[in-house]
Amino acid sequence: MADLALLTWTFLWLSLLCVGGGLGVIPEMERQSVTIHGWLTAREFVDGYTLTQLTPGPNMLIAVFVGYRAHGALGALLAGLAMFLPTSVLAMVISHHWQQWRTRRWAAIAERALIPVGIGLMAGGVYTLARIAIHDALTLALAVLTALAVATDRVPPVLAVLAAGTLGWLLTR
Amino acid sequence: MRRVSLLRLIAVFTWTGFSSIGGGRSAYFHEALVRRRGWIRNDEFVQDFTLSQVLPGPNFSNLAVALGYRLAGLAGGVWGLLAIVLPGAVILVGATTLYLHGAFGGSATLLIRGLSAAVVGLVCMTTLRIVRGSLRGGRGILVAVVTFLAVGPLRLSTVGVVLVMAAVSLALHWAAPPPSASPAGSPSPEEIC
């Protein structure tokens, strides 16, 4: 019971550390779940992250994986709620007020000022993803092929990604 | 207030959640809501994307809340969130059960390597499209490039970079706001594509 509360609390504060994409919080989450609380092994944590990449939805569903491994269905539910509920309420409140504030001068300036920061973060995310995923000629070729396919506007992105992924798997196994 | 019915919103968000595998999830939302259906303008998308990045929390769920709220108010935000989180959570619990019984071997790892590489191509293209539609002016480009270098190649802490660059950008934009600083001054569809 105490450990369930600890699990919920840990994922609650970890959720607040997710700024500008989930990848940044992974090292701290691994340290908390594996080293400090022993909810799962390091190998299981890495495999869990891979699973969240292969299944649909946000990759921060890794909280559900850790919670399930530690305390079954109840652990999965609590860790998932802790990860998504409080920050979503915050996003809702800010979205709500932003629509009213943005007609004012300071809000219009703030919006203009924050957009380039968001774009820089987005590009930084592409870089981080590429650094992990592109490590040889084949993975580079898959990325370029997918980009070209998406650029034509004739292929749904999910199909382009699945086709390239399958191609890579066939060529490397 | 409502731009689309709740049912359509739930259907499209659920499908977007389902089709978004391999990372770079915001790209799928841009494709589904801006490019394909035109429910949301490019500059609105960038606002919501920025909000979802700057606020604490998983950015994909933050983005779903912000976009859902924009499309259909409070109910849109709540249902948008549920539509992208719940199906994935149920599937993940199933996959975890299989995993804990040792059902996955090395082939899943090989598949994800190919998928991750392909996703880089997708997010690259999406980012280029968003940049072309919403980044203008020397100050904006400067802030975007420095932010990119700091969180990308330099690998500085995202929290620190956001705090510093937001302050710098605010100072730059506050000193000399553009003459037509109307919040409705958004690019037309022709400019976006």
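Coordinate-derived values only; no laboratory data. Here the structure is a predicted model, which is why all the values come from computation and not from measurement. With ideal geometry, Cβ positions are generated from the backbone for all residues, glycine too; neighbour counts draw on all protein chains shown.
Structural remarks
- Rg(Cα)/(2.2 N^0.38 Å) for segment A:59-134, N = residue count: 1.57
- Basic side chains Lys and Arg get +1 at the Cβ, acidic Asp and Glu get -1 at the Cβ, and with that the dipole of the protein assembly as shown about its Cα centre reaches some 720 debye.
- Annotation note: trypsin sites (Lys or Arg not before Pro) in segment A:82-129 located in DSSP loop regions with a Cβ neighbour count of at most 11 within 10 Å are A:Arg104.
- Residue by residue, segment B:85-97 carries 3J(HN,Hα) couplings of 8, 4, x, x, 5, 5, 5, 5, 4, x, 5, 5, 4 Hz when phi is fed to the Karplus relation 6.51 cos²θ - 1.76 cosθ + 1.60 (θ = phi - 60°); x denotes Gly or Pro.
- The H on the amide N of A:Thr55, modeled in the peptide plane, is under 5 Å from the matching H of no residue at least 5 residues off or on a different chain.
- Principal axis dimensions, largest first and in whole angstrom, of segment B:137-177 by Cα: 31, 17, 7
- Taking the fewest neighbouring Cβ atoms within 10 Å as the starting point, the ordered list for A:His37, B:His173 is A:His37, B:His173.
- Each principal axis of the Cα cloud of the protein assembly as shown was evaluated for its coordinate range; sorted largest first, these ranges are 63, 48, 43 Å.
- Inter-site label distance for A:Ala42 and A:Leu81 at 7 Å from Cα along Cβ, in nm: 3.4
- Rh (Kirkwood; distinct C-alpha pairs) - segment B:1-134, Å: 15.8
- Peptide B:154-165, shielding by other chains (average Cβ, 10 Å cutoff): 4
- Protection proxy ranking of B:65-73, B:150-158, A:93-101, by the mean of other Cβ atoms within 10 Å over each peptide's residues and highest first, is B:65-73, B:150-158, A:93-101.
- On the principal axes of its alpha carbon atoms, segment A:1-65 extends 31, 25, 19 Å, with the longest extent given first.
- Residue (of B:Leu55, A:His135, A:Leu54) at the positive-pole extreme of the protein assembly as shown, dipole from beta-carbon charges: B:Leu55
- Relative contact order for chain A: 16 percent, from Cα pairs under 8 Å spaced at least 6 residues apart, divided by residue count.
- Highest-fluctuation residue, A:Leu16, A:Leu140, A:Leu78 considered, GNM on chain A with Cα pairs under 10 Å: A:Leu140
- Averaged over peptide A:79-90, the number of partner chain Cβ atoms lying within 10 Å of each residue's Cβ comes to 5.
- Amide H contacts of B:Arg25 (H built 1.01 Å from N, in plane; Pro and chain starts excluded): no residue 5 or more places away or on another chain comes under 5 Å.
- Cα pair distances of segment A:38-80 binned at 5 Å [whole percent]: 6, 29, 30, 27, 9, 0
- Both radii are taken from the alpha-carbon atoms of segment A:7-151; with Rh as the Kirkwood radius, Rg/Rh is 1.05.
- In chain B, helical runs assigned H by DSSP with n ≥ 4 each contribute -39500 (n - 2.57); averaged across all residues and rounded to the nearest 500, the mean residue ellipticity at 222 nm is -24000 deg cm²/dmol.
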